[in-house]
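Trainee: Sharing a structure, written as structure tokens. Questions coming.
The values are calculated or read from the model by the stated rules, or taken from the named source; none is laboratory data. Keep in mind that what you see is a predicted model, and the values were worked out from it rather than measured. Methodologically, a virtual Cβ is constructed for each residue, glycine included, from the backbone with ideal geometry; neighbour enumeration extends over all protein chains shown. When the accessible area is computed, the model is the full protein with side chains, heavy atoms only, and any ligands, DNA or RNA have been set aside. Shrake-Rupley method; radii C 1.70, N 1.55, O 1.52, S 1.80 Å.
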Amino acid sequence: MTRSRYRGRFAPTPSGALHFGSLIAALGSCLDARVHAGFWHLRIEDVDPPRVVAGSADSTLRTLDAFGFEWDGPVVYQRRRGEAYRATLDRLIDAGQVYGCACSRKTLRERARIGVDGPVYLGACRDRHLPLKTALRLHVPPTRIVFDDLLAGRVACDIAHECGDFVLLRADGVFTYQLAVTVDDAELGITHVVRGADLLASTPRQIVLQQALGYATPAYMHLPVALNDDGSKLSKQTLAAPLRDDDPLPALLRAAAFLGMDLGCEAGSLAEFWQLAPQRWRRAALPPLRGKRLLTRA
Ligand code: GLU
């Protein structure tokens, strides 16, 4: 049996400047790829125009460059991938796995149960056979998705109960993150997805899509996320400080320490950091995931 070469990726959403939380995902995914002699790709997740902040895709690239990251191949931009998403959606429509949904946000809020990642749609439009000009949802099979996260261990999710039929195309014509990321990871041949644990609850939906489309399921490793002092996730929404392109080393050393790597005072320059960091990267030294409602552990 031939095993394909490791292929990882970092996939930031250009909704603002890169911050310490994004640096952890960038560094973790990059080092894990490098120590496995793998490729590491960069994808700009600008599929959702209202979330994109002008200029932040370019500033993300500049920051990664200033921090010494080197990615393989051309940068992938989701905004240029509409045709691939459309073709994939059409396959699911042809297979009868997608239906139109005309429920308003208000109806959704009032009628939904709360699952692992927000409201669970209870399928009110499933048998209405609406024209496919509305939002489109995947009819999720009654499957239990089980996967072995390289850090969180075995994770199980009764997807119909915990997530429900989820949206692939929004009523405003925007393809959703779940569809775009599944198509892109498959087309790039990604073998390892290393990203923040805030996305752990999305993984079963991506796996169910992979199964519906006949794609391979990559290995997953969800890294702990950096928190603010009040326990909320460090993010652009909570106004995390942007990374400083003119002084990358302190932030890189902090990110390395967060990921359990002991570089002491040995890395005095960016070049030394990138020489040492791959030698010190150990999955086993990563801090455990905690403080977040994980999916059911099997
Ligand atoms: N675009 C997502 C983010 O910036 C990451 C998606 C992924 O890694 O799958 O949070």
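Rundown of residues vs (1) within 11 Å of the ligand (Cβ to nearest atom); (2) of a type in the set (Gly, Ala, Ser); (3) under 30 Å from Pro142 (Cβ atoms), yes/no style:
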site: Ser4; (1), (2), (3): no, yes, no
site: Thr13; (1), (2), (3): yes, no, no
site: Phe20; (1), (2), (3): no, no, no
site: Ala26; (1), (2), (3): yes, yes, no
site: His36; (1), (2), (3): no, no, no
site: Ala57; (1), (2), (3): no, yes, no
site: Val98; (1), (2), (3): no, no, yes
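Trainee: Mind listing just one residue for me: the one in segment 203-231 that is part of a strand (DSSP E or B) and within 13 Å of the ligand (Cβ to nearest atom) and, of those, farthest from Arg91 (Cα to Cα)? Before you say what the answer is, go through the steps one by one.
Mentor: Kept after step one, since they are part of a strand (DSSP E or B), are these residues of segment 203-231: 219-223, 227.
Still in the list and also within 13 Å of the ligand (Cβ to nearest atom): 220-223.
Details: Tyr220: 26, Met221: 29, His222: 30, Leu223: 33 Å.
So, considering only residues that are part of a strand (DSSP E or B) and within 13 Å of the ligand (Cβ to nearest atom), the one farthest from Arg91 (Cα to Cα) is Leu223.
Trainee: Can you pull out the residues in segment 133-159 that are open to solvent by less than 40 Å² (accessible area, probe 1.4 Å) and closer than 23 Å to Asp94 by Cβ?
Mentor: Selection gives Thr134, Ala135, Leu136, Arg137, Leu138, Val140, Ile159.
Trainee: I've got another one for you. Go through (1) assigned to a helix (DSSP H, G or I); (2) touching a residue at least 12 places away in the same chain (Cβ under 8 Å) one by one and return the number of the condition Met261 breaks.
Mentor: In the conditions (1) assigned to a helix (DSSP H, G or I); (2) touching a residue at least 12 places away in the same chain (Cβ under 8 Å), Met261 misses (1) alone.
Trainee: Here are the criteria: (1) away from the ligand (no atom under 12 Å from the Cβ); (2) assigned to a loop (DSSP other than H, G, I, E, B); (3) modelled with pLDDT of 95 or more; (4) open to solvent by 10 Å² or more (accessible area, probe 1.4 Å). Tell me which single one Phe69 does not satisfy.
Mentor: The number of the failed condition is (4).
Trainee: Could you list, in sequence order, all residues of segment 72-86 that are open to solvent by 40 Å² or more (accessible area, probe 1.4 Å) and closer than 30 Å to Arg128 by Cα?
Mentor: Of everything in segment 72-86, those that are open to solvent by 40 Å² or more (accessible area, probe 1.4 Å) and closer than 30 Å to Arg128 by Cα turn out to be Glu83, Arg86.
Trainee: Test of understanding: among Ala160, Ala180, which residue is aliphatic (A, V, I, L, M) and at pLDDT below 95?
Mentor: When all the criteria are applied, what remains is Ala160.
Trainee: Of the residues that make up segment 211-226, is at least one under 22 Å from Leu122 (Cα atoms) and among the aliphatic types (A, V, I, L, M)?
Mentor: yes
Trainee: Here's a follow-up. Looking at Leu200, Leu151, which one is within 16 Å of the ligand (Cβ to nearest atom), more than 20 Å from Arg81 (Cα to Cα) and assigned to a helix (DSSP H, G or I)?
Mentor: The unique qualifying residue is Leu200.
Trainee: Let me ask you something else. So, in segment 192-229, of the ones that are more than 10 Å from the chain's Cα centre (by Cα) and charged (D, E, K, R), which residue ends up surrounded by the fewest Cβ atoms within 10 Å (Cβ to Cβ)?
Mentor: Here the residue is Asp229.
Trainee: Might you check whether a residue that is more than 30 Å from Arg7 (Cβ to Cβ), touching a strand residue (DSSP E or B) at 6+ places or on another chain (Cβ under 6 Å) and surrounded by 15 or more Cβ atoms within 10 Å (Cβ to Cβ) occurs anywhere in segment 172-191?
Mentor: Checked against the condition, which is being more than 30 Å from Arg7 (Cβ to Cβ), touching a strand residue (DSSP E or B) at 6+ places or on another chain (Cβ under 6 Å) and surrounded by 15 or more Cβ atoms within 10 Å (Cβ to Cβ), segment 172-191 yields no hits at all.
Trainee: Tell me the residue from Ser59, Ser4, Ser29 that is in contact (Cβ under 8 Å) with a residue 12 or more places away in the chain and assigned to a loop (DSSP other than H, G, I, E, B), please. So that I can check it myself, show each step before the final result.
Mentor: Values: Ser59 fails: assigned to a loop (DSSP other than H, G, I, E, B); Ser29 fails: assigned to a loop (DSSP other than H, G, I, E, B).
Among Ser59, Ser4, Ser29, only Ser4 is in contact (Cβ under 8 Å) with a residue 12 or more places away in the chain and assigned to a loop (DSSP other than H, G, I, E, B).
Trainee: If you scan segment 87-125, which residues turn out to be surrounded by 14 or more Cβ atoms within 10 Å (Cβ to Cβ), assigned to a loop (DSSP other than H, G, I, E, B) and at pLDDT 90 or above?
Mentor: Gln97, Ala102, Cys103, Cys125
To keep it simple, each residue is scored yes or no on (1) under 26 Å from Leu249 (Cβ atoms); (2) under 15 Å from the mean Cα position of the chain (by Cα).
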| site | (1), (2) |
| --- | --- |
| Phe10 | yes, yes |
| Ser29 | yes, yes |
| His41 | yes, yes |
| Ala54 | no, no |
| Glu70 | yes, no |
| Val76 | no, yes |
| Leu89 | no, no |
| Asp94 | no, no |
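Trainee: Checking the condition charged (D, E, K, R), modelled with pLDDT of 90 or more and more than 30 Å from Val98 (Cα to Cα), which residue from Arg254, Arg205 passes?
Mentor: The conditions single out Arg254.
Trainee: Looking at segment 160-171, which of the residues that are small (Gly, Ala, Ser) and open to solvent by 20 Å² or more (accessible area, probe 1.4 Å) is nearest to the chain's Cα centre (by Cα)?
Mentor: Ala160
Trainee: Same structure again: If you take the residues of segment 38-55 that are in contact (Cβ under 8 Å) with a residue 60 or more places away in the chain and more than 24 Å from Lys233 (Cα to Cα), which of them is farthest from the ligand (Cβ to nearest atom)?
Mentor: Filtering segment 38-55 for residues that are in contact (Cβ under 8 Å) with a residue 60 or more places away in the chain and more than 24 Å from Lys233 (Cα to Cα), the one farthest from the ligand (Cβ to nearest atom) comes out as Gly38.
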